[in-house]
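Since the structure comes first, as structure tokens, the remarks are kept for the end.
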Amino acid sequence: MDYTRSRLAFKIKKVVRYIRLYGVRRTLIKVRGQYHMNKRYETLPPMKISESRKKHVGIIGCGNFAFSNIAFYLKKNYGAVIRACMDTHIEHAASLFETYDLLYYSDQAEKIIQDPSIDLVFIASNHASHAEYAIRALEQNKSVHIEKPHVVTEDQLRRLVTEMLRSKGRVSVGFNRPNSPFGRAIKSYLDSQTGPAIYNWFIAGHEIPPDHWYFKEEEGGRVLGNLCHWIDFIYQLVPEGVRFPVEISPTPADNTGNGLAVAYRFADNTVAAITFSAKGHTFEGVRERFAAHRGDVLVAMEDFKTLTVEVVEKRITRNLLHRDHGHETAVRNSYALVRGNSVSSGCSPKYIWESGMLFLKTKEALERNAKVEVLAYENAGLEFAKNHS
């Protein structure tokens, strides 16, 4: 939804509510992000002629998310480290370039990928292009942060994992929720118990029109564009040795992609359910409710702002001053792929494969309206997995 076209009273209410939810600084950059998407130039701004060794990061895809999350958190934590950006809409790239003091911008991804001064590329373009840009960057031995989803087809997944095994570059994926304070707390509490668990997600997402690019066949729809977040969260909650095989049972509510439910049964008999609805406008953005029960631990979390944990007679309630979905930590973790006190090894090929297959097979199950089974990396008949498990 383009909030810049809303009534003044609506915009004022939106800003006031968001200040309560996110604080002043985050709200202001979210507002600027809305206007960034509509920025138009009579004359594009000139490139910089200066040089800087400090600037070593590239961004591919300069939409609202890259503007108000990736670039914002990079500058907040590390200063002016972004060297260049690219977007097929050159005015989006020019706007990010001006706002964050970059050296140059382009509408050609190869300019970023081939730049020898760039060692880390954040990819936040359209979904179908994520893996393609990542593979090209890895071929140049650059490290990459891939926003969700990291792939939209099994062929992309195979080629991405294959290139990860060859490249000196490292990979991180933008599944931010497990990195949030509540995401880490939930996993810690549940890991303290044994046995199978029950997990339940309810998500109210943004309503988008049927002609939105999300629904183009090659982009993967709601499952790859949205649901992958919560699929990944559940995957990470189930202990590694008892995840697979996973049975996926779908319940497509309609053929628009704006309403669906899906259930997962893991190898240890853990059961997880995700219900996604986008039937109308949500004033406070995406709304999320999570419930879990494992052993003596009972969890309830709402919107990454309120968390309640019960352990038999003990009851712990935490309220954050502002929502924290883990975006900042995800950006910092990705920056640590190349810089920082301890360089991160990033995501493993096993994780990239298994998380990717889970959401690809979820999409298949919903499209076929049939149960689908997913195997572990080691058991999927992959030649490269035999030597790299």
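Taking R0 as 35 Å, what FRET efficiency do you get between Asn64 and Val312 from their Cβ-Cβ distance, rounded to the nearest 0.05?
Numbers: r = 45 Å, r/R0 = 1.27.
Taking R0 as 35 Å, the efficiency between Asn64 and Val312 is 0.20.
Set the Förster distance to 41 Å, then compute FRET efficiency between Ser192 and Leu165 from the Cβ-Cβ distance, nearest 0.05. Please list the in-between numbers first.
On the way: r = 35 Å, r/R0 = 0.85.
After rounding, the FRET efficiency stands at 0.75.
Between Ser277, Ala185, Asn226, whose Cα lies farthest towards the positive end of the dipole of segment 177-299 when Lys and Arg beta carbons carry +1 and Asp and Glu beta carbons carry -1, centred on the Cα centre?
So the residue we want is Ala185.
Any idea what diffusion coefficient segment 58-101 gets from Stokes-Einstein, in µm²/s, Kirkwood Rh on alpha carbon pairs, 10 °C, 1.306 mPa s? Mind showing how you got there, number by number?
Values: Rh = 10.1 Å.
Diffusion coefficient, whole number: 158 µm²/s.
Which of Leu298, Thr329, Thr27 sits closest to the plus end of the dipole of the chain, meaning its Cα is farthest towards the positive end, when Lys and Arg get +1 and Asp and Glu get -1 on the C-beta?
The listed residue farthest towards the positive side: Thr27.
Straight-line reach from Lys142: which lysines have a Cα under 30 Å away, not including same-chain ones fewer than 8 places off?
Lys30, Lys48, Lys54, Lys55, Lys75, Lys76, Lys111, Lys168, Lys216, Lys350, Lys361, Lys386
Suppose we keep just the DSSP beta bridges with both residues in the chain; what percent of those would be antiparallel, to 5?
Details: 42 of 67 bridges.
Close to 65 percent.
Using the number of other C-beta atoms within 10 angstrom as an exposure proxy, rank Val309, Val24 with the fewest first. Present the calculation step by step, with values, prior to reporting the outcome.
Details: Val309 20, Val24 11.
Neighbour counts put them in this order, fewest first: Val24, Val309.
Roughly what would the spin-label model give for Asn77 and His206, points 7 Å off Cα along C-beta, in nm?
2.3 nm
Pull out the extension gain between Phe10 and Asn369, defined as 0.36 nm times the separation in residues minus the alpha carbon to alpha carbon distance; nm, one decimal.
Values: separation 359, 0.36 × 359 = 129.24 nm, distance 4.00 nm.
The span from Phe10 to Asn369 would gain 125.2 nm if fully extended.
Mind checking the dipole of the chain: about its Cα centre, +1 per Lys or Arg Cβ, -1 per Asp or Glu Cβ, Debye to the nearest 20?
Details: 53 positive and 43 negative charges, 315 e Å.
Rounded to the nearest 20 debye, it is 1520 debye.
According to the square roots a ≥ b ≥ c of the eigenvalues of the Cα gyration tensor, what is the shape class of segment 94-251, taking rounded for a/c under 1.5, prolate for a/b larger than b/c otherwise, and oblate for the remainder? Each step should come with its number before you reach the end.
Working: a/c = 1.81, a/b = 1.54, b/c = 1.17.
It is prolate, given that a/c is not under 1.5 and a/b is the larger ratio.
What is the ratio of the Cα radius of gyration of the chain to 2.2 N^0.38 Å, where N is its residue count, to two decimals?
On the way: Rg = 20.9 Å, N = 389, 2.2 N^0.38 = 21.2 Å.
The reported ratio for this selection is 0.98.
Kindly provide the helix-only [θ] at 222 nm of the chain, computed as the sum of -39,500 (n - 2.57) over DSSP H runs of four or more divided by all residues, to the nearest 500 deg cm²/dmol?
On the way: 12 runs with 130 residues, N = 389.
Roughly -10000 deg cm²/dmol at 222 nm, from the helical runs in the chain.
Under unit Cβ charges (Lys, Arg +1; Asp, Glu -1), what dipole magnitude, rounded to 20 debye, does segment 39-173 have relative to its Cα centre?
Details: 18 positive and 16 negative charges, 106 e Å.
Here the size comes out at about 500 debye.
Using only the Cα atoms of segment 39-173, what do you get for the radius of gyration and for Dmax, in Å?
Cα only, segment 39-173: 14.2, 46 Å (Rg, Dmax).
Order these by the 10 Å Cβ neighbour count, fewest first: Ile186, Ile70, Ile231. All intermediate terms of the calculation are to be shown ahead of the outcome.
On the way: Ile186 23, Ile70 29, Ile231 26.
Result, fewest neighbours first: Ile186, Ile231, Ile70.
Classify segment 26-114 from the C-alpha gyration tensor, please: rounded if a/c falls under 1.5, else prolate or oblate depending on whether a/b exceeds b/c.
Details: a/c = 1.58, a/b = 1.11, b/c = 1.42.
In terms of gyration-tensor shape, oblate.
What does the charge count around Ile59 come to, taking other residues whose C-beta lies under 14 Å from its C-beta (Lys +1, Arg +1, Asp -1, Glu -1)? Before the final figure, lay out the partial values.
On the way: positive: Lys55, Lys75, Arg83, Lys111, Lys142; negative: Asp87, Glu98, Asp101, Asp107, Asp115, Asp119, Glu147.
Spelling it out: positives minus negatives among the neighbours equals -2.
Along segment 75-82, what does the Karplus equation 6.51 cos²θ - 1.76 cosθ + 1.60 (θ = phi - 60°) give for ³J(HN,Hα), rounded to whole Hz, x for Gly and Pro?
5, 4, 8, 10, x, 7, 9, 7
Classify segment 223-358 as rounded, prolate or oblate from the Cα gyration tensor: take a ≥ b ≥ c as the square roots of its eigenvalues, call it rounded if a/c is under 1.5, otherwise prolate when a/b beats b/c and oblate if not. Don't skip to the answer; put the middle values down first.
Working: a/c = 1.20, a/b = 1.10, b/c = 1.09.
Rounded is the answer for segment 223-358, as its axis ratio a/c remains below 1.5.
Which net charge results when you count Lys and Arg as +1 and Asp and Glu as -1 among the other residues whose beta-carbon is under 12 Å from that of Glu110? All intermediate terms of the calculation are to be shown ahead of the outcome.
Details: positive: Lys111, Arg136; negative: Asp107, Asp115, Glu132, Glu139.
So the environment of Glu110 carries a net charge of -2.
Among Tyr78, Val171, Val151, pick out the residue whose Cα is farthest towards the positive end of the charge dipole of segment 39-173, where Lys and Arg carry +1 and Asp and Glu carry -1 on C-beta, about the Cα centre.
Positive-end residue among those listed: Tyr78.
Cut-off is 10 Å between beta-carbons; in what order do Asp211, Asp232, Asp303, Asp191 appear when sorted fewest neighbours first? Walk me through the numbers before you get to the answer.
Details: Asp211 8, Asp232 25, Asp303 17, Asp191 12.
Final ranking by Cβ density, sparse to dense: Asp211, Asp191, Asp303, Asp232.
Read-outs throughout are calculated quantities, based only on the coordinates presented, and are distinct from any laboratory measurement. Owing to the predicted nature of the structure, the values given are computational and were not obtained by experimental measurement. Don't worry about glycine lacking a Cβ; one is built from the backbone with ideal geometry, like all the others, and counts go over all protein chains shown.
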